[in-house]
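Here's the structure, in structure tokens; my notes come after.
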Amino acid sequence: MLRRDTRDPATHPRLLLSLLAIALLWPGIHFSELDLGVLLASDSQSEIGRFVSAFWPPAHDRTFLELLWQATLQTLAIATAGMALALLLAVPASLLASRALSLSAAYRAGQPGYWGQLLRWPVRSVLIFLRSVPEIVWALLFVRAVGLGPTAGVLAIAITYSGMLGKVYAEIFESVDQRPAHALLQTGSGRLAAFSYGILPNVAPELISYTVYRWECAIRASVVMGFVGAGGLGQQMDLSLRMFAGGEVASLLLTFLVLVLFADQLSRLLRGRLA
């Protein structure tokens, strides 16, 4: 009589991966000098309590609300302008870095040609360089170059996010079925038409979702860059923290939360329309 084996065949791989994760996590905790016991110390708890209690009530006087509104508009402007410039660089770079529109791949059963690879590698190297430097570092460089203000934040977001968007766009173009685009290329269609009718309809929802997500990240990045003088909510939050104005910081944090929720709802709306 055959006896049914109830053991999970994935038990040993899962156990091995768990042990490997612990082995990698422990040195990270050690070298980062993480000490959660500091949060339990009486001095830390009393300081945290005083800091949090200063957040209530949030500042709501007319003068501050006007400053808050201007800072919010400036933050949205920095993120949107930076993303617009990033898209101008990322879209053509992603088309050059992707194998989706390769003529040699269309005529050689998906095998890319030598000259196509020779062109794609420099473009991919540039994209790697652009996204390897954090936007806060670019912001510091541009603050020295163009002075304090939103311009430094816009340029920093444009450079960093063009590398991120270009890489992900190229991978999205290559992840879909290439046969419709290759069929159009084989019948004499141009690459732009092959992309517009053979690839773009299949990847539009994913492109929109990722782009809006990156716009949300750009909003957060613009807030962080405000601490180095790039304007927006971050610069106002830096001033409020320096003056120990907890109510103003609370209002700024609530505004930031509203912006992120707005970006999330916009992403859902656009994905629903394109689904």
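A few comments on the model shown:
- Whole-number Å³ per residue for the convex hull built on Cα positions in the chain: 262 Å³
- Overall, the accessible surface of the chain at a probe of 1.4 angstrom is composed of carbon and sulfur to the extent of 68 percent.
- Listed residues 19, 85, 241, most fluctuating in the chain (Gaussian network, C-alpha, under 10 Å): 19
- Virtual paramagnetic centre 7 Å along Cα→Cβ of residue 125, amide N under 18 Å, in region 78-97: 93-94, 96-97
- Listed by number, the DSSP H helices of the chain that run 15 Å or longer by alpha-carbon position along their axis and have mean Kyte hydropathy of at least 1.0 are 11-31, 62-97, 135-146, 246-274.
- Potential extension, residue 11-residue 268 segment - 0.36 nm per residue separation minus Cα distance: 88.8 nm
- Once the 1.4 Å probe is applied to the protein heavy atoms, the chain comes out at 63 Å² accessible per residue.
- Fully extending the segment from residue 60 to residue 137 would add 24.4 nm, taking 0.36 nm per residue of separation and subtracting the current Cα-Cα distance.
- For residue 170, neighbours were defined as the other residues whose beta-carbon sits under 14 Å from its Cβ, and their charges (Lys and Arg +1, Asp and Glu -1) total +2.
The values are calculated or read from the model by the stated rules, or taken from the named source; none is laboratory data. All values derive from a computational prediction rather than experimental measurement. With ideal geometry, Cβ positions are generated from the backbone for all residues, glycine too; neighbour counts draw on all protein chains shown. SASA here: full protein model, heavy atoms, side chains in, ligands and nucleic acids out. Shrake-Rupley method; radii C 1.70, N 1.55, O 1.52, S 1.80 Å.
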